[in-house]
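*Asks:* Following this message is one structure expressed as C-alpha cells.
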Amino acid sequence: MPANMSFHEVKIGSRRSPTWRERVHAYALLVRLHRPIGIFLLMWPALWALWLAGGGQPPWSIVVIFVLGVVLMRSAGCAVNDFADRGFDGHVTRTRDRPLATGAVSPQEALAVFGVLCVLALGLALFLNWQTIALSVVAFVLTIVYPFMKRFTHIPQVFLGAAFGWAIPMAFMAVTESIPPYAWLLFAATLVWALIYDTQYAMVDRADDLRIGIKSTAILFGERDRLVIALLQILMLGMLIWIGFLAERGLFFHLGLLVATVLALYQQWLIRERAPVLCFKAFLNNNYFGMAIFCGLVLDYALAPLL
C-alpha cells in the first residue's frame, strides 16, 4: 500500500479490506506503540513509588506487574482518547494522520481495543492484594474521564495527572498494604508534573485548538505560559525535596534532583520562543527528567549504605 494512502482509501477506493497485518499495524498506531513517551511518563512515577515503598528493594514480581500494567493502561488511554477526539483530530495538524481520523480504525474498533486492554490490565491486578484491586477501579474511571475533560475545562491536565499519578497509591498499597502521607505528596507532585509537560505539549497545538474550540492550559495561560511552567517546575522540585526529607533519602537522591533541575532549565530554554517543534522537544525531554529522579533513587538506596 502506498505510504500516502489511508486505510479508508484502501477500503473505499479499491473495495479491498485491509489485510490482518494492516489491521494490526493500525491498532499499533492507535495505541501509540510507535511513540512510547506516554508509557515513560506514566512509568516513572510508578517506579518512584515502588522504590520508595520497597525501601529500594521492591518485589520484582510487583515491579513486572506494574510495568506491564503501565503499558496496557497507557495504550488503553490512547484508544479511548482517540475515540473521544475523533471529531477533532482530523482538523489538527499533529493528529490528522491518527487511525480514527484517517478511517483506518472505526470508533467501534477503538472501543473494543480499549475494552480488551482494560480486561488484560485487570487480569494483572488480580495478582495483587484486594486493596490494590479496589484502587485499580479508580484508575479505570480516570482513564475514561480524562479524554472528555478538554471540552469542559481549560485544565484537563489535572485529570491527566490524576490518571498518571494514581499508580503511586496503588504501588504503595501493593508493596506495603498502606499509603503513607508522603505518598500523597508524591501523587500531588506527579499531578503538577502533568501540568508542566502537557502544557508544553498543548503549546504545540495552540493555534489549531483555538481555531476548533478545544480548551487547554496553553490557551488559559496565554503569554504567561513560560512563567507558569517555571513556577510549576519550582513547585514540583520543592515537593520532591520535601519527599526526600520525609523518606530520609540522601546525597544521591538529591543529585538526581539536581540533574532534573538542569533539565527543567533546558526545557525553559527550548520553549523560550514558543516554537511548536521546540515545545514538543521540551515535552519529550520530560522522559529524562523522570529518569533522573528514578536513577537518583536507585543509586541512593544502593550506595548510601556503603558511605
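*Asks:* Could you list all residues from segment 223-234 that are under 19 Å from PRO156 (Cβ atoms) and either under 23 Å from the mean Cα position of the chain (by Cα) or not in a helix (DSSP H, G or I) (or both)?
*Replies:* Scanning segment 223-234 gives ASP225, VAL228, ILE229, LEU232.
*Asks:* Also: Could you list, ordered by first residue, the pairs with Cβ atoms under 9 Å in which the first is in segment 86-98 and farther than 16 Å from ALA202 by Cβ and the second is modelled with pLDDT under 80 and among the small types (Gly, Ala, Ser), at least 6 apart or interchain?
*Replies:* ARG96/GLY90; ASP97/SER6; ARG98/GLY90
*Asks:* Just give me the residues in segment 260-294 being farther than 18 Å from PHE187 by Cα and touching a Gly at 6+ places or on another chain (Cβ under 7 Å), in sequence order.
*Replies:* The answer is none; no residue qualifies.
*Asks:* Of the residues SER6, SER17, which is modelled with pLDDT under 90, surrounded by 12 or more Cβ atoms within 10 Å (Cβ to Cβ), more than 27 Å from the chain's Cα centre (by Cα) and not β-branched (Val, Ile, Thr)?
*Replies:* SER6 is the lone residue from the list that is modelled with pLDDT under 90, surrounded by 12 or more Cβ atoms within 10 Å (Cβ to Cβ), more than 27 Å from the chain's Cα centre (by Cα) and not β-branched (Val, Ile, Thr).
*Asks:* Identify, by number, the condition in (1) in a helix (DSSP H, G or I); (2) over 30 Å from PRO305 (Cα atoms); (3) among the polar types (S, T, N, Q) that SER61 doesn't meet.
*Replies:* With (1) in a helix (DSSP H, G or I); (2) over 30 Å from PRO305 (Cα atoms); (3) among the polar types (S, T, N, Q) applied to SER61, the lone miss is (2).
*Asks:* Looking only at segment 155-205, which residues are surrounded by fewer than 24 Cβ atoms within 10 Å (Cβ to Cβ), under 18 Å from the mean Cα position of the chain (by Cα) and in a loop (DSSP other than H, G, I, E, B)?
*Replies:* ILE155, PRO156, ASP205
*Asks:* Inside segment 106-118, can you point out the residues that are part of a helix (DSSP H, G or I) and either more than 20 Å from the chain's Cα centre (by Cα) or surrounded by 14 or more Cβ atoms within 10 Å (Cβ to Cβ) (or both)?
*Replies:* Within segment 106-118, PRO107, GLN108, GLU109, ALA110, ALA112, VAL113, PHE114, VAL116, LEU117, CYS118 meet the criteria.
*Asks:* Just to check your reading of the model, which residue among ARG98, ARG151 is out of contact with any Leu (no Cβ under 6 Å at 6 or more places or on another chain), basic (Lys, Arg) and surrounded by fewer than 21 Cβ atoms within 10 Å (Cβ to Cβ)?
*Replies:* ARG151
*Asks:* Of the residues ASP300, ASP225, which is at pLDDT below 95 and buried (at least 21 other Cβ atoms within 10 Å of the Cβ)?
*Replies:* ASP225
*Asks:* On to the next question. Out of (1) free of Cβ contacts under 8 Å to residues at least 24 places away in the same chain; (2) assigned to a helix (DSSP H, G or I); (3) among the charged types (D, E, K, R), what's the single condition that is false for GLU248?
*Replies:* Only one criterion in (1) free of Cβ contacts under 8 Å to residues at least 24 places away in the same chain; (2) assigned to a helix (DSSP H, G or I); (3) among the charged types (D, E, K, R) is unmet by GLU248, namely (2).
*Asks:* Taking GLY290 as the residue in question, decide whether it is small (Gly, Ala, Ser), part of a helix (DSSP H, G or I) and surrounded by 18 or more Cβ atoms within 10 Å (Cβ to Cβ).
*Replies:* When the stated conditions are applied, GLY290 passes them.
*Asks:* Next up: Checking ARG206 against (1) modelled with pLDDT of 95 or more; (2) within 22 Å of PHE159 (Cα to Cα); (3) touching a helix residue (DSSP H, G or I) at 6+ places or on another chain (Cβ under 8 Å), which single condition isn't satisfied?
*Replies:* (1)
*Asks:* Which ones in segment 26-45 are within 18 Å of THR143 (Cα to Cα) and assigned to a helix (DSSP H, G or I)?
*Replies:* LEU30, ILE37, GLY38, ILE39, PHE40, LEU41, LEU42, MET43, TRP44, PRO45
*Asks:* Among the listed residues LEU258, LEU220, which satisfies the condition of being out of contact with any helix residue (DSSP H, G or I) (no Cβ under 6 Å at 6 or more places or on another chain), modelled with pLDDT under 95 and outside any loop (DSSP other than H, G, I, E, B)?
*Replies:* Matching residue, one of LEU258, LEU220: LEU220.
*Asks:* OK, next. Would you call GLN157 touching a residue at least 24 places away in the same chain (Cβ under 8 Å), of a type outside the set (A, V, I, L, M), in contact with a Leu (Cβ under 7 Å, 6 or more places away or on another chain) and closer than 28 Å to ARG272 by Cα?
*Replies:* Criteria met by GLN157.
*Asks:* Here is a follow-up. For VAL113, are the conditions met, namely being farther than 23 Å from TYR197 by Cβ and touching a residue at least 60 places away in the same chain (Cβ under 8 Å)?
*Replies:* It is true that VAL113 is farther than 23 Å from TYR197 by Cβ and touching a residue at least 60 places away in the same chain (Cβ under 8 Å).
*Asks:* Return yes when GLU223 is of a type in the set (Asp, Glu) and under 30 Å from GLY56 (Cβ atoms) and no when it is not.
*Replies:* No.
The values are calculated or read from the model by the stated rules, or taken from the named source; none is laboratory data. Just so you know, these numbers come straight off a predicted model, no measurement behind them. Please note: Cβ atoms are built from the backbone with ideal geometry, for glycine as well, and neighbour counts cover all protein chains shown.
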